[in-house]
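The values are calculated or read from the model by the stated rules, or taken from the named source; none is laboratory data. Everything numeric here is computed off the predicted structure, so don't read it as measured data. Here Cβ is always computed from backbone atoms with ideal geometry, including for glycine, and neighbour counts include all displayed protein chains.
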Amino acid sequence: MTNTNCNEMTQKYYRVDRMPHIWCPGCGHGTLMNTVVRAIDKVGLNKDDVVVVSGIGCSSRAPGYMDFNTLHTTHGRALAFATGIKMANPKLHVIVIMGDGDSSAIGGNHLIHAARRNIDITTIVFNNNIYGMTGGQFSPTTPYGDFATTAPFGNIDKAFDLCSLAQGAGATYVGRGTAYHAPLMQKLIEKGLENKGFSFIEGLSLCPTYYGRKNKKGNAFKMHSYFKDNCVDIKVVEKNPEKGENKILIGEFYNSPKTEYTEGYQVIIDKFQK
Amino acid sequence: MAEKSLLQNKDWCKGCGVCVGFCPKQVLVIENEKCVIAYPEKCIFCGQCELRCPDNAIYIVGGTKDE
């Protein structure tokens with residue numbers, strides 16, 4: 001059944017018969033998924049040339065609602081599958097949507113090695129600071145001291161800075177946006193899609209159900225407002241370093257194109273076909 | 001061009017209140033755990049609700065993109 005009670009963008013790029021999605025009321029993932037779709041539309045990619053791959057978790061439900069070539073894979077292995085797709089058909093635009101647990105815990109190794117290879121995959125991490133689907137366990141991005149069902153007295157692990165991790169591992173485009181900063185997030189994804197190489201965009205999401213409730217962050221609107229009040233663009237901090245104190249940095253962190261992996265591989269193939 | 005109007009898909013709305021919080025003109029209210037367009041005449045079509053609705057349940061039609 002076709003549902004036409006939605007905007008044009010939704011009708012064009014979503015599997016509306018699968019909606020409404022399963023995410024909790026106020027979940028930031030829906031907003032971030034919209035930024036991905038708007039970015040694809042803005043860049044003007046053909047739907048048939050786009051592959052969206054995901055792993056397991058709340059965020060990884062996203063491709064199920066998106067009307068592209070989609071693949072829902074195993075926990076943490078989205079980038080491994082995506083690497084295979086890109087190697088088999090380098091003409092495709094491969095987008096990976098992962099969560100924080102998916103990308104930095106069980107899939108951490110795949111992340112750093114995909115970044116190291118600089119394979120042309122646009123990786124978008126929906127970071128909600130918690131394992132939402134399985135009941136609110138702390139993840140590698142849960143801030144130090146925050147609460148989770150498995151950290152009832154506060155988390156003693158330090159959180160990963162995913163953007164620094166990706167940049168250190170060799171990603172050639174790195175940026176961070178939030179569900180509140182949706183226009184910025186869209187812009188970062190657009191630039192990530194245009195970058196020929198491994199692009200890593202972290203989207204700070206919100207989980208009012210587990211992370212928000214455990215840490216008394218208030219409702220979804222209050223969590224959006226937290227991003228509004230506590231995020232500063234890197235460009236502002238470069239001019240006035242004191243404005244970045246105790247704030248979350250957002251914006252474009254790194255953009256330095258290098259040789260792409262499948263192109264490097266093609267050079268080897270061409271060598272033997274002469 | 002057709003006049004702009006604010007529409008809603010009640011089946012998709014989960015009543016999270018994000019649109020209500022961001023609306024600068026208090027057009028929207030929550031009733032029975034769903035968002036309701038209570039004062040459509042006050043709407044200035046800023047698009048804040050459509051931009052951040054996680055459920056694609058509220059949207060603006062009409063007008064041109066540049067407006």
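For A:PHE200, work out the one condition from (1) among the aromatic types (Phe, Trp, Tyr); (2) assigned to a loop (DSSP other than H, G, I, E, B); (3) buried (at least 23 other Cβ atoms within 10 Å of the Cβ) it doesn't fulfil.
It is condition (2) that A:PHE200 fails.
Quickly run through region B:9-67 and pick out the residues that are among the hydrophobic types (A, V, I, L, M, F, W, C), part of a strand (DSSP E or B) and facing chain A (nearest Cβ under 8 Å).
Result: B:ILE60, B:VAL61.
I'd like to check something: does region A:187-202 contain any residue that is within 12 Å of chain B (Cβ to nearest Cβ) and under 23 Å from B:GLU50 (Cβ atoms)?
From region A:187-202, those within 12 Å of chain B (Cβ to nearest Cβ) are none; that's our starting set.
No: zero hits.
Would you mind finding the one in A:THR35, A:THR31 that is at pLDDT 95 or above, in contact with a Pro (Cβ under 6 Å, 6 or more places away or on another chain) and under 19 Å from A:LEU188 (Cβ atoms)?
On the way: A:THR35 fails: in contact with a Pro (Cβ under 6 Å, 6 or more places away or on another chain).
That would be A:THR31, the only listed residue that is at pLDDT 95 or above, in contact with a Pro (Cβ under 6 Å, 6 or more places away or on another chain) and under 19 Å from A:LEU188 (Cβ atoms).
Let me confirm something: among A:THR172, A:THR149, which residue is modelled with pLDDT of 95 or more and buried (at least 20 other Cβ atoms within 10 Å of the Cβ)? If you could, list the steps in order and put the result at the bottom.
On the way: A:THR149 fails: buried (at least 20 other Cβ atoms within 10 Å of the Cβ).
Exactly one of A:THR172, A:THR149 is modelled with pLDDT of 95 or more and buried (at least 20 other Cβ atoms within 10 Å of the Cβ), namely A:THR172.
Considering only residues that are in a loop (DSSP other than H, G, I, E, B) and within 14 Å of another protein chain (Cβ to nearest Cβ), look in region A:22-72 and name the one that is nearest to A:PRO90 (Cα to Cα). Spell out how you get there, then give the answer.
From region A:22-72, those in a loop (DSSP other than H, G, I, E, B) are A:22-27, A:44-46, A:55-58, A:67-68; that's our starting set.
Narrowing the set further to residues that are within 14 Å of another protein chain (Cβ to nearest Cβ) leaves A:22-27, A:58, A:67.
Working: A:ILE22: 33, A:TRP23: 33, A:CYS24: 36, A:PRO25: 38, A:GLY26: 37, A:CYS27: 34, A:CYS58: 28, A:ASP67: 21 Å.
Here the residue is A:ASP67.
Can you tell me which residue in region A:75-96 is nearest to A:TYR265 (Cα to Cα), limited to those that are in contact (Cβ under 8 Å) with a residue 60 or more places away in the chain and either surrounded by fewer than 17 Cβ atoms within 10 Å (Cβ to Cβ) or out of contact with any Ser or Thr (no Cβ under 7 Å at 6 or more places or on another chain) (or both)?
Only one residue fits best here, namely A:MET87.
Just the residues that are touching a residue at least 40 places away in the same chain (Cβ under 8 Å), exposed (fewer than 13 other Cβ atoms within 10 Å of the Cβ) and within 19 Å of A:GLU202 (Cβ to Cβ), please, taken from region A:228-264.
Listed by number, the residues that qualify are A:LYS228, A:SER256.
In region A:167-186, which residues are farther than 13 Å from A:ILE124 by Cβ and basic (Lys, Arg)?
none
Return the residues of region A:203-239 that are touching a Cys at 6+ places or on another chain (Cβ under 9 Å) and assigned to a strand (DSSP E or B); say none if nothing qualifies.
A:LEU204, the sole residue that qualifies.
Would you be able to tell me the number of residues in region A:85-136 that are of a type in the set (Asp, Glu) and in contact with a Leu (Cβ under 9 Å, 6 or more places away or on another chain)?
1
For A:GLY244, only one of the following conditions fails: (1) modelled with pLDDT under 95; (2) within 14 Å of chain B (Cβ to nearest Cβ). What is its number?
Every condition holds for A:GLY244 apart from (2).
Give the residues of region B:1-10 that are more than 11 Å from the chain's Cα centre (by Cα) and either surrounded by 14 or more Cβ atoms within 10 Å (Cβ to Cβ) or modelled with pLDDT of 95 or more (or both), sorted by residue number.
B:LYS4
Any residue in region A:146-161 that is away from chain B (no Cβ under 14 Å), in contact (Cβ under 8 Å) with a residue 12 or more places away in the chain, part of a helix (DSSP H, G or I) and of a type outside the set (S, T, N, Q)?
Scanning region A:146-161 turns up no residue that is away from chain B (no Cβ under 14 Å), in contact (Cβ under 8 Å) with a residue 12 or more places away in the chain, part of a helix (DSSP H, G or I) and of a type outside the set (S, T, N, Q).
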